[in-house]
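Got a structure here, written out as structure tokens. Questions coming.
The values are calculated or read from the model by the stated rules, or taken from the named source; none is laboratory data. Predicted model, so just to flag it, every value in this text is computed and none were measured. Heads up, the Cβs are rebuilt from the backbone with ideal geometry, glycines too, and the neighbour counts pull from every protein chain shown. Heavy atoms of the whole protein, side chains included, go into the accessibility calculation; ligands, DNA and RNA do not. Shrake-Rupley method; radii C 1.70, N 1.55, O 1.52, S 1.80 Å.
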Amino acid sequence: MSSTFPHGFLWGASTAPHQIEGNNINSDWWFREQHTPGMALSGDAVDSYHRFEEDMRLLADAGLNAYRFGIEWARIEPIPGHFSKAELAHYRRMIETAQRLGLTPVVTLQHFSTPKWFADEGGWLHDRSIERFQSYVGEAAAILGDVPWICTINEPNMLAMIGTMMKLAEAGTSDWQSPTVEGDTQMVLPAPDPEVGQRLAAAHHAAREILRSKTDAAVGWTVANQALTAKPENQAKLVEERYLREDLYLEAARGDGFIGVQAYSTQEIDANGPVPHAPSPENTQVGTAYRPDSLGMAVRHSWEVTEGVPALITENGIATADDTRRIDYTAQALHALASAMDDGVEVAGYLHWSALDNYEWGHWEPTFGLIAVDRETFERQPKPSLAWLGNVAKTGTVEGGARAFGGEH
Ligand code: BGC
């Protein structure tokens, strides 16, 4: 099997500041990690705060032409209203380093973590949350003038769900559970809180307005696309769950410059909601089913609900210790993406999650990276999948990966 992608397609990898930088000490997550039993500390993470140039160089040398990274609100505004010029300069250096190395920067403004003071004040549901976010975005815009792609908020649907999970954990009705790791518990993720969802949509629209006036960027947000399907007789329940879990967020992207599509696996819906992934040796390290076809399903669904907003694949990947499997998964995901594009879905690029093995929100075990990192020495070790993806970028062609899997294809 062979699929070809257009000239000018963006090929890259994605990261998030809290997961790779280290010592994000003014953030809500840093505090949470210290006070939640069972949660691993992010600590030095993989010290990308200091090693970003090396990380970018590895991607560029492999043949990739784009890098998605985030700027960290908690560093830029450690105290309400006090903006750090040094941290803004740091992120400006990152943007310029990417440009110098031939990597198109795709910059995320908020990726799960917020300043701790923002969380203490009441978080996204507090009266001043939008004003607070606008003020941060306004300051950040000063370094983003020539950035072509800006993601305002990463996975607002997961963010709204994290809020629900925190409330359950604080009320003692549930133990801490990472939002992105299903583990052995066969946990079904609770529905995102729609009130938080609406607030995030308003924050996104407010940020979009500022960024449109101060930058030339295509502005969008990135949604966790879950490729939901109905068990027989459960079509109405699917529509209801889909709205709560993702369509509310896709509808809010209508009129955006792009929609960030993030897909990893699929999930079935029955009368009670999402059905836990059945245990299987094929499942990934985070407990999800091996479904590379989810990317095609997700991008088609996003295209439909956003009413034709062009997609940028801002995350897709697999938690596995077996890098051959990562290549296999990615090849199949890209074939599914090419097939959606053949059917008319507009896609600007593919950014793999993740550039580096990193801190997976409370855990260190799942490895999503194209590059391994020794956490004692911080030495980077590119995996064969990095060279493989770089070669796809250079040739615009994906060969193979036609191994049978439980999806439509
Ligand atoms: C998030 C990432 C996370 C990844 C893998 C997405 O939910 O944006 O931060 O590491 O999925 O679980």
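Using Stokes-Einstein with the Kirkwood hydrodynamic radius over Cα pairs, what translational diffusion coefficient do you get for the chain at 20 °C and a viscosity of 1.002 mPa s, in µm²/s rounded to a whole number?
Here the translational diffusion coefficient equals 101 µm²/s.
Sticking with this structure for a sec: Relative contact order (percent) for segment 339-400, with alpha-carbon contacts under 8 angstrom and 6 or more residues of separation?
19 percent
Mind giving me the FRET efficiency for residue 325 and residue 239? R0 is 41 Å, r the Cβ-Cβ distance, nearest 0.05 is fine.
For residue 325 and residue 239, the calculated efficiency is 0.75.
Go ahead and collect, in residue order, the members of segment 13-44 whose backbone nitrogen is under 16 Å from a label point 7 Å along the Cα-Cβ direction of residue 126.
Residues 26-32 qualify, since their backbone N sits under 16 Å from the label point.
Could you give the nm distance between label points at residue 41 and residue 25, where each point is 7 Å from its Cα heading toward the beta carbon?
It works out to 1.2 nm between the two label points.
Please state the equivalent ellipsoid semi-axes for segment 272-364: what are the square roots of 5 times the Cα gyration tensor eigenvalues, largest first, in whole Å?
Listed largest to smallest, the semi-axes of segment 272-364 are 24, 16, 14 Å.
Let me ask something else. Å³ per residue of the Cα convex hull, for segment 281-328?
Measuring per residue, one finds 88 Å³ for the Cα hull of segment 281-328.
Express the carbon and sulfur contribution to the solvent-accessible surface of segment 2-399 as a percent, rounded to the nearest whole number, probe 1.4 angstrom.
C and S atoms contribute 51 percent here.
Using a probe radius of 1.4 Å on heavy atoms only, what accessible surface per residue do you get for the chain? Whole Å² is fine.
38 Å²
Per DSSP helix of 4 or more residues, -39500 (n - 2.57); summed, then divided by the residues of the chain. What does that give at 222 nm, rounded to the nearest 500?
Calculated at 222 nm, the ellipticity per residue is -11500 deg cm²/dmol.
Now a separate question. Using a 7 Å offset from the Cα along the Cα-to-Cβ direction at both residue 92 and residue 1, what is the distance between the two label points in nm, to one decimal?
Spacing of the two 7 Å Cα→Cβ label points: 4.7 nm.
Hey, which lysines would be in cross-link range of residue 383, C-alpha to C-alpha under 21 Å, not counting anything within fewer than 8 residues on its own chain?
Straight-line reach from residue 383, under 21 Å: 394.
On a 1.4 Å probe surface of the protein chains, which of 214, 116, 394, 383 comes out largest in accessible area, and what is the full order?
394, 214, 116, 383
Right, next: Need one number: % antiparallel among DSSP beta bridges in the chain, to the nearest 5.
20 percent
I'm checking a number: the convex hull volume of the Cα atoms of segment 1-81, normalised per residue, in Å³. What is it?
Spread over its residues, the Cα hull of segment 1-81 gives 146 Å³ apiece.
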